[in-house]
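Undergrad: Please find one structure pasted underneath; my questions will follow.
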Amino acid sequence: MNQITEDFEPQIVAFCCRYCAYAAADLAGSSRIQYPPNVKIVLLPCSGKVDELYLLKAFEAEADGVYVAGCLEGTCHFLTGNLRAKKRVQYVKSLLDEVGIGGERLEMYNLSSAEGQRFAEIAREMTERIRALGPSPLNQRKSKEGAIK
Amino acid sequence: MIIADRKPFEEIKELTSKAKNILIAGCDSCVAVCLASGEKEVAVLASELRMQRKMDGLEGEIEEIVNVRQCENEYVDAMRDKVEKADLILSMACGVGVQTLAERFPDKLAYPALNTKFMGRPVEPGVWKENCEGCGHCILHLTGGICPVARCSKSMLNGPCGGSQGGKCEVDPEIDCGWQLIYDRLSRLGQLDALVEIMLSKDWSTSWSGGPRRVIKESAGV
């Protein structure tokens, strides 16, 4: 069972397309819109660049949650990159379920570069979701052993 | 090519539960083309196993290796250094590859991570279909290049049977009737008269019923 502790701050990795989510994060910043510092952004040239292994490695590297943010469907700069990303996220969700980490720790979002507010909302939504789920089962074991706080 | 599919993770987890150091050995030939093996598939399984084993508190290392063909001694022997450090080789090759590992490394456990399915080809992205059963005596020249042994569910030599409906097989409506395909093809080629000939019983002694088969090519040693 996941153990929810009051001082648990989830580590979240966001793979962001430079044409939408990354620009939206930039806009959120220049608009002084606050979003949780739990989210660490990885810039991608397109959400279609995301690979199953990037997502798995993020979890292996002790991320509690991961999301991919790409352009709105139908507006991908490379036409179908975001649709490919969606399929890969779906596939990795099934892998995380079979391993026992849980597919709900991974999500795909779509937004435009003009949506700084939406970027912050997504960051809050994902942070709250993972906070409710508790630390990744990989990190829980370590916590019990006292290797990390 | 040989078509295979990865075993369910639960089964792989069970197979590997007693091993400490595991070498996942992929093959970059047939099973990589059907996306069951290859560098990425090996890396994905390794990542899954590393996470699962960490959660279950199991110790040990997961190593990865992929070679061109796991069914040839030369390639397999080149793996020796990594094999020596492993308690278990988890093969992501077809059954031939697993057996090659077992033979070349007699003191090591070699377990399959794939289920080897059949000889076939891709028909659309992500879909592979069976084309050949390796019966040992090819008759494709008589049947318009469509094999009745592999493509007819009943391997009939004089078809179709009464279960062919609208070009589909009674065994499964997803399966095309092999004999309908043969008829259509011969019709297109203007060779329907070939079907007037009744095909006599096939010599199945060349097939699997005679036990494990072998091919000897004298000139290969020259």
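The values are calculated or read from the model by the stated rules, or taken from the named source; none is laboratory data. Small disclaimer: the values here were computed from a predicted structure and weren't measured. Backbone-built Cβ (ideal geometry, glycine too); neighbour counts: all protein chains shown. Heavy atoms of the whole protein, side chains included, go into the accessibility calculation; ligands, DNA and RNA do not. Shrake-Rupley method; radii C 1.70, N 1.55, O 1.52, S 1.80 Å.
Undergrad: Being open to solvent by 30 Å² or more (accessible area, probe 1.4 Å) and of a type in the set (A, V, I, L, M, F, W, C): is that true of A:Leu79 here?
TA: Judged against the criteria, A:Leu79 is a match.
Undergrad: Just give me the residues in segment B:69-88 being open to solvent by less than 70 Å² (accessible area, probe 1.4 Å) and over 19 Å from B:Lys18 (Cα atoms), in sequence order.
TA: Residues satisfying the conditions are B:Gln70, B:Cys71, B:Glu72, B:Asn73, B:Val76, B:Asp77, B:Met79.
Undergrad: Here are A:Gly65, A:Gly70, A:Gly81, A:Gly100: which of them is under 26 Å from B:Arg53 (Cβ atoms), away from every other protein chain (no Cβ under 14 Å) and touching a helix residue (DSSP H, G or I) at 6+ places or on another chain (Cβ under 7 Å)?
TA: Only one candidate passes the filter, namely A:Gly65.
Undergrad: Let me ask something else about it. Could you tell me how many of the residues in segment A:94-109 are within 17 Å of A:Glu52 (Cβ to Cβ), charged (D, E, K, R) and surrounded by fewer than 18 Cβ atoms within 10 Å (Cβ to Cβ)?
TA: 2
Conditions tested, residue by residue: (1) of a type in the set (D, E, K, R); (2) assigned to a strand (DSSP E or B); (3) surrounded by 18 or more Cβ atoms within 10 Å (Cβ to Cβ).
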{"residue": "B:Thr116", "(1), (2), (3)": "no, yes, yes"}
{"residue": "B:Val123", "(1), (2), (3)": "no, yes, no"}
{"residue": "B:Cys138", "(1), (2), (3)": "no, no, no"}
{"residue": "B:Gly144", "(1), (2), (3)": "no, no, yes"}
{"residue": "B:Gly163", "(1), (2), (3)": "no, no, no"}
{"residue": "B:Trp179", "(1), (2), (3)": "no, no, yes"}
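Undergrad: Where the second residue is open to solvent by 80 Å² or more (accessible area, probe 1.4 Å) and part of a helix (DSSP H, G or I) and the first is in the same structural domain as B:Ala150 (by TED's automatic domain parsing) and lies in segment B:177-191, which pairs have Cβ atoms under 7 Å and are six or more apart or on separate chains?
TA: Partner pairs satisfying both residue conditions: none exist.
Undergrad: Now, a different point. What do you reckon, is A:Glu125 open to solvent by 60 Å² or more (accessible area, probe 1.4 Å), more than 14 Å from every other protein chain (Cβ to nearest Cβ) and within 23 Å of B:Glu10 (Cα to Cα)?
TA: no
Undergrad: Exactly one of (1) among the acidic types (Asp, Glu); (2) at pLDDT 95 or above; (3) surrounded by fewer than 20 Cβ atoms within 10 Å (Cβ to Cβ) is unmet by B:Glu48. Its number?
TA: Unmet condition: (3).
Undergrad: Of everything in segment A:98-117, what is free of Cβ contacts under 8 Å to residues at least 40 places away in the same chain and part of a helix (DSSP H, G or I)? Give them in sequence order. Break it down stepwise before answering.
TA: Applying the first criterion (free of Cβ contacts under 8 Å to residues at least 40 places away in the same chain) to segment A:98-117 yields A:98-100, A:102-104.
Across segment A:98-117, the qualifying residues are A:Glu98, A:Val99, A:Gly103, A:Glu104.
Undergrad: Considering every residue within segment A:43-55, establish whether at least one is aliphatic (A, V, I, L, M), part of a helix (DSSP H, G or I) and within 14 Å of another protein chain (Cβ to nearest Cβ).
TA: yes
Undergrad: Related question: Can you name the condition, by its number, that A:Ala63 falls short on among (1) in contact with a Gly (Cβ under 6 Å, 6 or more places away or on another chain); (2) buried (at least 21 other Cβ atoms within 10 Å of the Cβ); (3) assigned to a loop (DSSP other than H, G, I, E, B)?
TA: (1)
Undergrad: Under 9 Å by Cβ, and 6 or more places apart or on different chains, what pairs join a residue from segment A:20-41 that is touching a residue at least 40 places away in the same chain (Cβ under 8 Å) and within 21 Å of A:Glu9 (Cα to Cα) with one that is open to solvent by 40 Å² or more (accessible area, probe 1.4 Å) and acidic (Asp, Glu)?
TA: A:Tyr35/A:Glu121; A:Pro36/A:Glu9; A:Pro36/A:Glu128; A:Asn38/A:Glu9
Undergrad: May I pose another question? Within segment A:1-52, restricting attention to residues that are among the hydrophobic types (A, V, I, L, M, F, W, C) and modelled with pLDDT under 95, which residue is surrounded by the most Cβ atoms within 10 Å (Cβ to Cβ)?
TA: Looking at the filtered set, the residue picked out is A:Phe8.
Undergrad: Kindly provide the set of residues from segment B:169-222 that are under 20 Å from B:Gly136 (Cβ atoms) and of a type in the set (Lys, Arg), ordered by number.
TA: Residues satisfying the conditions are B:Lys202, B:Arg213, B:Arg214, B:Lys217.
Undergrad: Considering only segment A:54-65, I want to know if a residue exists there that is at pLDDT below 95 and among the charged types (D, E, K, R).
TA: Yes.
Undergrad: Of the residues in segment A:57-72, how many are under 22 Å from B:Glu39 (Cβ atoms) and more than 12 Å from the chain's Cα centre (by Cα)?
TA: Residues flagged as under 22 Å from B:Glu39 (Cβ atoms) and more than 12 Å from the chain's Cα centre (by Cα) within segment A:57-72 amount to 3.
Undergrad: Test B:Glu64 against the criterion of being open to solvent by less than 40 Å² (accessible area, probe 1.4 Å), acidic (Asp, Glu), in contact (Cβ under 8 Å) with a residue 12 or more places away in the chain and closer than 30 Å to B:Arg121 by Cα, and give yes or no.
TA: No.
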